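Student: Would you mind keeping the following structure in view while I ask a few things?
Only the coordinates and a few stated rules stand behind these numbers; no lab work does. Being a predicted model, the structure only gives us computed values, none of them experimental. Note that we place each Cβ from the backbone using ideal geometry, even for glycine, and neighbour counts take in every protein chain shown.
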Amino acid sequence: MKNRIAAATLLLTTIFATTAYADDFVPADGGLYLSGHVLGTTYHATSSSFAGTDVWGFRPGKGATAAIGYVAVFPKYPADLRVEIEASYRSAQADYIDLATGKHFVADGFVALGSGMANLIVDVHTSTRIVPHFGFGLGRGELMFKDMVFSDPLTGASTPKQSWEDNITVWQLIGGLGLRLTPGLLVDVEYRMVQPNDPDFNGLISNEFTAGFRMIF
């Protein structure tokens, strides 16, 4: 999955570079749109215990997003405005947990986050086909830990398999570049920082790189 994301990002970056100074740029057009992205993610997490702060490690993960929205065009101003409703899902395999006591455990199982969010995004005007954008999203999600097993690498002892989940508030920051291929069709690459507001995992952050499209009707 990492190779596919890297290849897609390289391809889109090449397209951006070759069209950045094109004179025949496509002007913005507004209205309803659909968008979809594939993503690669790295999770970082901490949790609190009686001894202090525990650190969790995860392997790189993957996911996808889909959204429907509306773009309002303001030709006399430096930017346009988008409002969208987004559904997304990402998952990653657990790797280890380092307890505050100094004990290290190997972890198996996976963590997944499914969410629904409302996003507010600003598209910055340029004199080219490239459209920088940034935004913020807020919504609700379900954070799931599935089939988790913790093993002591020294003794080989392990815990029984267990699963748990929490319904939580989720927020995200979005920054990226879009490229207008034709009127109404753009491709995007983005960075997103997604944070589930889970009191048990207040240090959980998903750093995501996405590639996808936007189709305006």
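Student: Using Cα atoms only, what is the angle between the long axis of helix 2-19 and the major principal axis of the chain, expressed in degrees (0 to 90) to the nearest 10?
Tutor: Helix 2-19 sits at roughly 20 degrees to that axis.
Student: Still on this structure, I have one more. For the stretch 18-124, state which chymotrypsin sites (Phe, Trp or Tyr not before Pro) are in a DSSP loop and have at most 15 other beta carbons lying within 10 Å of their beta carbon.
Tutor: Loop-located and lightly packed - 21, 50.
Student: Just how far, in whole angstrom, is the stretch 90-132 from the stretch 145-189 if you go by their alpha carbon centroids?
Tutor: Comparing the Cα centres of the stretch 145-189 and the stretch 90-132, I get a distance of 5 Å.
Student: By count of other Cβ within 10 Å, fewest leading, how are 54, 152 ordered?
Tutor: 152, 54
Student: Could you tell me which trypsin sites (Lys or Arg not before Pro) in the stretch 75-152 are loop residues by DSSP with no more than 15 other beta carbons within 10 angstrom of their beta carbon?
Tutor: 76, 103
Student: Further, regarding this structure: What is the ratio of the Cα radius of gyration of the chain to 2.2 N^0.38 Å, where N is its residue count, to two decimals?
Tutor: Scaled against compact globular proteins, the figure is 1.18.
Student: Can I ask one more? Most exposed first by the Cβ proxy, i.e. fewest other Cβ within 10 Å, how do 185, 179 rank?
Tutor: With the fewest neighbours first, 185, 179 line up as 185, 179.
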